[in-house]
1. Going by the conditions given, is THR106 in a helix (DSSP H, G or I), open to solvent by 10 Å² or more (accessible area, probe 1.4 Å) and at pLDDT 90 or above?
2. Between a residue in the range 1-15 that is within 18 Å of ILE116 (Cα to Cα) and any residue that is at pLDDT below 85 and in a strand (DSSP E or B), which pairs come within a Cβ distance under 8 Å, given they are 6 or more apart or on different chains?
3. Tally the residues that are among the polar types (S, T, N, Q) and within 25 Å of ALA170 (Cβ to Cβ), restricting the search to the range 58-117.
4. All but one of (1) out of contact with any Pro (no Cβ under 8 Å at 6 or more places or on another chain); (2) at pLDDT below 80; (3) in a loop (DSSP other than H, G, I, E, B) hold for PRO34, so report the exception by its number.
5. State which residue pairs qualify: first residue aromatic (Phe, Trp, Tyr) and inside the range 78-97, second residue not in a strand (DSSP E or B) in any location, beta carbons under 8 Å apart, and separation of 6 or more residues or different chains.
6. Considering the range 78-94 alone, what residues qualify as being under 10 Å from LYS25 (Cα atoms) and not in a strand (DSSP E or B)?
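The values are calculated or read from the model by the stated rules, or taken from the named source; none is laboratory data. As the structure is a prediction and not an experimental result, all values here were calculated from the model. Reconstructed Cβ throughout: ideal geometry from the backbone, glycine too, with neighbour counts over all protein chains shown. For the accessible areas, the whole protein counts, side chains as well, though only heavy atoms, and no ligand, DNA or RNA atoms are used. Shrake-Rupley method; radii C 1.70, N 1.55, O 1.52, S 1.80 Å.
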Amino acid sequence: MEVQILSRKLIKPSSPTPSHLRTWKLSPIDQLVPQVKVAFVFYYPTHGTSSKVENVERCQRLEKSLSETLTRFYPLAGTYIKDSHSVECNDQGAEYLEAKVDAQLTQLLSKRDEIIEEVIHFVGGKFTSPLITIQTTMLECGGLVIGVRISHTLVDGFTTSKFISTWATASSEGINEAILPCFSLASLLPAKDLPTLKSPPPPKIHGAEKFVTMRFMFDGANISSLKAKAKANSETSTPGPGLKHQVSRVNVVTSLMWRALMG
């Protein structure tokens, strides 16, 4: 499998960060988070046949919408200042890579735990700069793989999902002016001189040891069945009308997992 890096650049926010927002202090909660980066990988199949022109236009749209999204999530485009536990929101930008690989999406999904690191080239791993790295990889079949590596000290899981969903919406529908994330936690919990937690050391791997990962698969028929049960249960367990909206796939699968954990 040959992966070719086509370009590497910094994507800056579409509008400069105002002067009064140029310094973003970390809260005590943020300071206690280990200084690591976490990664997410998203797989998108092709719909029909994709021409080279369509792929170029899609990449241009992703770049433009990322720039617009960074304007709202401006600390991610800045530089971390370790001594002051703060981010200089200088619009340095997010690291953005474009690549292509001579592989089919089915190949990646069948052996993704083994080969995904060959596809997504998150080189280096310095915490300070840049704070977010993104790689879009075009597949031979016309599919797309997007890898996102982001500083966990700056954002938690909720903010990360909000950033990704905002970027996705901006790419498909345009930026939503109503989406204005709040970065004012430090004003509620003033920063303190706290010790910085170090990342845990990697596990020692010996030749005789084996590690196993597990994956739970929910197919369409089972998810449809879960959605039907959720609707039926709501109609019998609560007074008045049941669910008025369609329950999402994420809702029912997450609910099933939590029900199992609680049991």
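1. no
2. none
3. Result for the range 58-117: 8.
4. In the conditions (1) out of contact with any Pro (no Cβ under 8 Å at 6 or more places or on another chain); (2) at pLDDT below 80; (3) in a loop (DSSP other than H, G, I, E, B), PRO34 misses (1) alone.
5. If the second residue must be not in a strand (DSSP E or B), the pairs left are TYR80/PHE127; TYR80/THR128; TYR80/SER129; TYR80/LEU131; TYR80/THR153; TYR80/LEU154; TYR96/GLU63; TYR96/LEU66.
6. SER84, HIS85, listed by residue number.
Rundown of residues vs (1) at pLDDT below 85; (2) within 24 Å of ARG58 (Cβ to Cβ); (3) in a loop (DSSP other than H, G, I, E, B), yes/no style:
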{"residue": "PHE163", "(1), (2), (3)": "no, yes, no"}
{"residue": "SER187", "(1), (2), (3)": "yes, no, no"}
{"residue": "PRO202", "(1), (2), (3)": "yes, no, yes"}
{"residue": "ALA208", "(1), (2), (3)": "yes, no, yes"}
